[in-house]
Amino acid sequence: MSEPQSSALVLDGVVRTYRFAEHALEVLRGASLSIATGELVGLVGPSGSGKSTLLHIAGLLEWPDGGEVQVAGRSCQGMNDKERTLVRRNDIGFVYQFHHLLPEFSALENVMLPLMISGVRRSVARTRARDLIDAVGLSDREAHRPARLSGGEQQRVALARALANEPRVLLADEPTGNLDVHTSAEVFELLMSLVRATKLSALVATHNLDLADKMDRIIRLDDGRLTSD
């Protein structure tokens, strides 16, 4: 598949099969997509259709059995574990349904961590993290640990953390699925505004079709293949 250089994420003929003893479960059967720089794409499909598997492969957390993944114009086929880790750290941000914040650290420290792991000086990481905490509307809560934050606030911190290293691609797996309707809408609007402001490319898996309709494009995963709505 020949893709323009402006494509931030490309999956080309991705295949993934899980094997259990003598049985095989084909989850992805040649799934292909291309997401342009700055594009916000919704990923929908029935429960168990493989949306999380597709996101894991797009985020280089899982190897496909066939096909190719390109991130920011680079083919990831043949990369070793260290190279894939660097791509994940520098070019991909992740947001999950459950925030996965570290409970012993404050909101600010949770956002600082990926920066410091990348080698950013503590003072610089603190400034960058503080800007992001402010961008998600939590400047007055930056010293709070996750247990003292509401579910919506925790997910805002998780979003700030995903943006810490200025990734090219944001992958979100049901990012509002654990929130009430009002909070879900607020967090989703924030996610959209930050994606637009930073010219990120985003692939967002969601069961909420009302939210998906607000994105630039919707793709559907069914029977292991992707189709555009």
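The values are calculated or read from the model by the stated rules, or taken from the named source; none is laboratory data. Since we're looking at a predicted model, the values are computed, not measured. Heads up, the Cβs are rebuilt from the backbone with ideal geometry, glycines too, and the neighbour counts pull from every protein chain shown. Side chains are part of the model used for accessible areas, which takes the heavy atoms of the whole protein and leaves out ligands, DNA and RNA. Shrake-Rupley method; radii C 1.70, N 1.55, O 1.52, S 1.80 Å.
Things to note:
- Scan the stretch 199-210 for residues that are buried (at least 16 other Cβ atoms within 10 Å of the Cβ) and within 16 Å of the chain's Cα centre (by Cα) and the total you get is 7.
- Of residues in the stretch 5-27 being without any contact (Cβ under 8 Å) to a residue 40 or more places away in the chain and among the aliphatic types (A, V, I, L, M), the one surrounded by the most Cβ atoms within 10 Å (Cβ to Cβ): L25
- Residue within the stretch 175-190 that is touching a helix residue (DSSP H, G or I) at 6+ places or on another chain (Cβ under 7 Å), under 22 Å from V71 (Cα atoms) and crowded, with 18+ Cβ neighbours inside 10 Å present: yes
Listed here are the residues, each with its yes/no results for (1) touching a Gly at 6+ places or on another chain (Cβ under 8 Å); (2) open to solvent by 60 Å² or more (accessible area, probe 1.4 Å); (3) part of a loop (DSSP other than H, G, I, E, B); (4) touching a residue at least 40 places away in the same chain (Cβ under 8 Å).
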residue	(1), (2), (3), (4)
P46	no, yes, yes, yes
L55	no, no, no, yes
L60	no, no, yes, no
Q77	no, yes, yes, no
R84	no, no, no, no
V120	no, no, yes, no
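- Residue check, G30 more than 18 Å from the chain's Cα centre (by Cα) and touching a residue at least 60 places away in the same chain (Cβ under 8 Å): yes
- Matching option when the condition is outside any helix (DSSP H, G or I), aromatic (F, W, Y) and touching a Gly at 6+ places or on another chain (Cβ under 9 Å), among F105, F94: F94
- Residue within the stretch 65-75 that is surrounded by 14 or more Cβ atoms within 10 Å (Cβ to Cβ), charged (D, E, K, R), touching a helix residue (DSSP H, G or I) at 6+ places or on another chain (Cβ under 7 Å) and at pLDDT 90 or above present: no
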